[in-house]
Amino acid sequence: MTPEILVIGGGIFGLTAALELSARQYRVMLIDSGPLPYPLAASTDISKVVRMEYGADALYMELVEESIAGWKTWNAEFGEDLYHQVGVMMLTHAPLMAGDFEYESYHLARKRGHDSQRMDSATIARRYPAWNAPLYVDGFLNPTGGYVESGRIIEELVKKTKRVGVEIIEHETAAQLIEREGRIVGVQTEAGHEFLATEQVVVTGGAWTMLLVPELANFLSATGHPVFHVKPSDPDLFEARHFPVFCADISNTGWYGFPRHPHQKVVKIGNHGIGQKLNAARDPRVVTPDDERRLREFLRGTFPALADCEIVYTRRCLYCDTPDGDFLISRHPNRPGLSVATGDSGHGFKFGPVLGRIVADAVEGLANDTTSRFYWRDLSAETYADASRWLDDTRRHS
Ligand SMILES: Cc1cc2nc3c(=O)[nH]c(=O)nc-3n(C[C@H](O)[C@H](O)[C@H](O)COP(=O)(O)OP(=O)(O)OC[C@H]3O[C@@H](n4cnc5c(N)ncnc54)[C@H](O)[C@@H]3O)c2cc1C
């Protein structure tokens, strides 16, 4: 039977949308290029940060508060702690100042009743011995937050989505949208198969989205970001109890990372910066010697005990960037039958438990707390939403 809703893409945006739309009594089908979890998908990884810190931006903090409750519910439902509340530590080279990402994040979290604790070099040295403490003079630890095992979550969500009756078809890549009588009614795949829907086609294709919806190529861009897995020679130093999720003066350096992974036994470190513009389907995704040189430089300065450790895995993973860093979750204003949910800009996974309702509302044309920020909008970005991102100054304060 033809589904009412066809979802293109089985990452965190697509699977949570399919689950919620199915819960709203739609017949839903989802197709994806890969086996799921798709190895090249942004969602497929060993860990993703769950932080509520977004500077003075209360909307994202509220959404993360709601998401953390959802992650805990899924821990119980999946019978395994895939969300680890190990705390998030944000440290800075200079004292916190009004207007700064860390200052505004700290004060908003306190105002909202979170128990964030201020840090100075002496406290860092005493409690977190892996850090080169004199280099970090200020910051805070928020005990609410941590990381989630993203690839494992996708595995569980695929099972859950099939359990509720959503038909999932893998190894099918949508090559073009099918339009009939001025309405989008389905897709044709690279294999030449047609998949139709009676209500809506929802494109949740991550960094590939603009390849299927070309008019978005002026709004969305795929950018590649390096990720490293380092094997610590002194593992205990990097255990979560004294090495929580960290952001090392992130808005000025981009560096962030995780405690030693409970299963992979590695310390994952990434850089939340401008990235390298790439075509998701065509361009190679490599981590360069220069990326590694910059990592070693950072480690030498901040985590001396990791500076010469073995890098056992690297990956260049893709963001789907919007000009303002806010997601794009919306019906298409000029193409009836088509909705898109993407534009993660490198910070979408943490919202997994709330993405489904936000996307389903957009598909149904219902307004909610995010509509004014995530709906179809023009290109001229006044400000950049994710204040933690290390961007060149021209982008941040235009
Ligand atoms: C290096 C890196 C670090 C990150 N760190 C964090 C973090 O710490 N915290 C956080 O909250 N977020 C983080 N993110 C962002 C997070 O990973 C993304 O927001 C999220 O995973 C995006 O999910 P998605 O479903 O939009 O895309 P994806 O997970 O990429 O899934 C898209 C899916 O669509 C499929 N697809 C695409 N086109 C087609 C087509 N034409 N036909 C069929 N299938 C198609 C693909 O096969 C894929 O499975 C990070 C991202 C990167 C790259």
Flag if residue 223 is polar (S, T, N, Q) and open to solvent by less than 10 Å² (accessible area, probe 1.4 Å): yes
Residues satisfying the stated conditions in the range 122-180, i.e. within 21 Å of residue 267 (Cβ to Cβ), of a type in the set (D, E, K, R) and within 16 Å of the ligand (Cβ to nearest atom): 149, 152
Considering residues of the range 366-396 that are touching a strand residue (DSSP E or B) at 6+ places or on another chain (Cβ under 6 Å) and farther than 30 Å from residue 90 by Cα only, the residue modelled with the highest pLDDT: 375
Residue in the range 128-137 that is in contact with a strand residue (DSSP E or B) (Cβ under 7 Å, 6 or more places away or on another chain) and not aliphatic (A, V, I, L, M) present: yes
Residue check for residue 269: in a strand (DSSP E or B) and either within 18 Å of the chain's Cα centre (by Cα) or away from the ligand (no atom under 15 Å from the Cβ) (or both): yes
Test: residue in the range 234-246 that is within 13 Å of the ligand (Cβ to nearest atom), open to solvent by 10 Å² or more (accessible area, probe 1.4 Å), among the β-branched types (Val, Ile, Thr) and modelled with pLDDT of 95 or more: no
Some residue of the range 320-328 being among the small types (Gly, Ala, Ser) and within 30 Å of residue 137 (Cα to Cα): yes
Those residues of the range 310-325 which are open to solvent by less than 10 Å² (accessible area, probe 1.4 Å) and assigned to a loop (DSSP other than H, G, I, E, B), in sequence order: 322, 325
Any chance residue 294 is in contact (Cβ under 8 Å) with a residue 12 or more places away in the chain, open to solvent by 60 Å² or more (accessible area, probe 1.4 Å), more than 21 Å from the chain's Cα centre (by Cα) and closer than 28 Å to residue 63 by Cα: no
Among the candidates 335, 331, 300, 357, residue that is touching an Asp or Glu at 6+ places or on another chain (Cβ under 7 Å) and open to solvent by 50 Å² or more (accessible area, probe 1.4 Å): 357
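The values are calculated or read from the model by the stated rules, or taken from the named source; none is laboratory data. Here the structure is a predicted model, which is why all the values come from computation and not from measurement. Quick reminder, even Gly has a Cβ in these numbers, built from the backbone with ideal geometry, and neighbours come from all protein chains shown. Areas reflect the complete protein model, heavy atoms only, side chains present, ligands, DNA and RNA absent. Shrake-Rupley method; radii C 1.70, N 1.55, O 1.52, S 1.80 Å.
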